[in-house]
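Colleague: First, the structure itself, so that you have it in front of you.
The values are calculated or read from the model by the stated rules, or taken from the named source; none is laboratory data. Predicted model only: the values in this text are computed from it and were never measured. Glycine also receives a Cβ, built like all others from the backbone with ideal geometry; neighbour counts cover every protein chain displayed. Note: areas computed on protein heavy atoms with side chains; ligands, DNA, RNA excluded. Shrake-Rupley method; radii C 1.70, N 1.55, O 1.52, S 1.80 Å.
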Amino acid sequence: MRHYPIIASVTKEEQFLQVLQSDVKRVNLMIGHIGNIEEYIRQLHEADKQVYAHIEMISGLGRDAHSIAYLCDKFKADGIVTTKSSAITAARQAGIKSIQRIFAIDTAAMTTAVRMINSTNPDEVELMPGLMPRVTRELKALIKQPLIVGGLIRHEHEMVEALESGADYISSGDPLIWQHAEASLKVGLH
């Protein structure tokens, strides 16, 4: 089996044990609530994984600067995933990494996304969906950040095509894809 730079996107509670046991080194945590997020992050850290909390998906967690600082200080998240530019700024102020998630639905959305990325300067960018080689190449040429692609990737040839198009990482909520994870990531742990 070939190995690739995979980021696990945990989207269902039943995936948690699988991700703990996987070789994946980075996790985008998209489950939980204010009452259990600390335990999830603790267990992932004990399994030697970096944890990026998707702030729009965690129940009971606000999206303001205070919530992001609390996520960093109290829960010890390594970073956040967000679609909100204000959260990118708050993450920088809190001293944690940020992934700006964008959706390529049309040319206007891509133009707006590039302008937002250049303005807020996230640490990484995640392009959704990940099955767009031409758009991946074009976006990679317009930004300086590492590029993650995710969404709808189901087969190895799709991972290869995404990486050949300029993606630095593949994010997936599919535990079968996680089995392809490299022991260490291509770009390096941040």
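Colleague: Which ³J(HN,Hα) values in Hz, rounded to whole numbers, follow from the phi angles of segment 116-124 under the Karplus curve 6.51 cos²θ - 1.76 cosθ + 1.60, where θ = phi - 60° and Gly and Pro get x?
Modeller: Result, rounded to whole Hz: 5, 4, 5, 7, 8, 6, x, 6, 9.
Colleague: Compute a Gaussian network model of the chain, connecting alpha carbons closer than 10 Å, and tell me which residue from SER98, SER85, SER172 fluctuates the most.
Modeller: Sorting by GNM fluctuation, first place goes to SER85.
Colleague: In addition: Which of the trypsin sites (Lys or Arg not before Pro) found in segment 94-190 are loop residues per DSSP with 16 or fewer other Cβ atoms within 10 Å of their Cβ?
Modeller: Passing sites in segment 94-190 are LYS144, ARG154, LYS186.
Colleague: Here is a further query. Given a 1.4 Å probe and heavy atoms of the protein chains only, how would you sort LEU163, LEU131, largest accessible area at the top?
Modeller: Ranked from most to least accessible, the order is LEU131, LEU163.
Colleague: While we're on this one: Ordered by residue, what ³J(HN,Hα) values in Hz, to whole numbers, does segment 52-69 give under the Karplus form 6.51 cos²θ - 1.76 cosθ + 1.60, where θ = phi - 60° and Gly and Pro are x?
Modeller: 10, 8, 7, 5, 7, 9, 9, 5, x, 9, x, 10, 8, 4, 5, 5, 5, 4
Colleague: Report the equivalent ellipsoid semi-axes for the chain in whole Å, largest first, defined as the square roots of five times the eigenvalues of the gyration tensor built from alpha carbon atoms.
Modeller: Taking √(5λ) for each Cα gyration eigenvalue gives 24, 22, 13 Å.
Colleague: Given an 8 Å cut-off on Cα distances and at least 6 residues of separation, report the relative contact order of the chain as a percent.
Modeller: Contact order relative to length: 25 percent.
Colleague: If every alpha-carbon in segment 84-190 counts as one equal scatterer, what log10 I(q)/I(0) does Debye give at q = 0.10, 0.19, 0.22 1/Å?
Modeller: -0.27, -0.97, -1.23
Colleague: Given +1 on the Cβ of Lys and Arg, -1 on the Cβ of Asp and Glu, and no further charges, what dipole in debye does the chain carry about its Cα centre, rounded to the nearest 20?
Modeller: So the dipole magnitude of the chain works out to roughly 480 debye.
Colleague: Specify the inter-centroid distance of segment 52-98 and segment 100-168, based on alpha-carbon positions, in whole Å.
Modeller: The distance from the Cα centre of segment 52-98 to that of segment 100-168 comes to 21 Å.
Colleague: Report the calculated FRET efficiency for ASN118 and GLU164 (r = Cβ-Cβ distance, R0 = 35 Å), to the nearest 0.05.
Modeller: It comes out at approximately 0.90.
Colleague: If you don't mind, there's one more thing I want to ask. Round to the nearest 0.05 the FRET efficiency obtained for ALA65 and ALA141 when R0 = 35 Å and r is the Cβ-Cβ distance.
Modeller: 0.65
Colleague: I want to check the label-to-label distance for ASP106 and GLN21. Put each point 7 Å from Cα in the C-beta direction and report it in nm to one decimal.
Modeller: 4.6 nm
Colleague: Continuing with this model, one more query. Once you charge only the Cβ atoms, +1 for Lys and Arg and -1 for Asp and Glu, what is the size of the charge dipole of segment 118-173 about its Cα centre, to the nearest 20 debye?
Modeller: My answer is approximately 180 debye.
Colleague: For segment 41-104, report the convex hull volume of the alpha-carbon atoms normalised per residue, in Å³, without decimals.
Modeller: Per-residue hull volume (Cα only) is 85 Å³.
Colleague: Just read off the accessible area of GLU13 with the full protein assembly in place, 1.4 Å probe, to the nearest 10 Å².
Modeller: Counting only protein heavy atoms, GLU13 exposes about 100 Å² to solvent.
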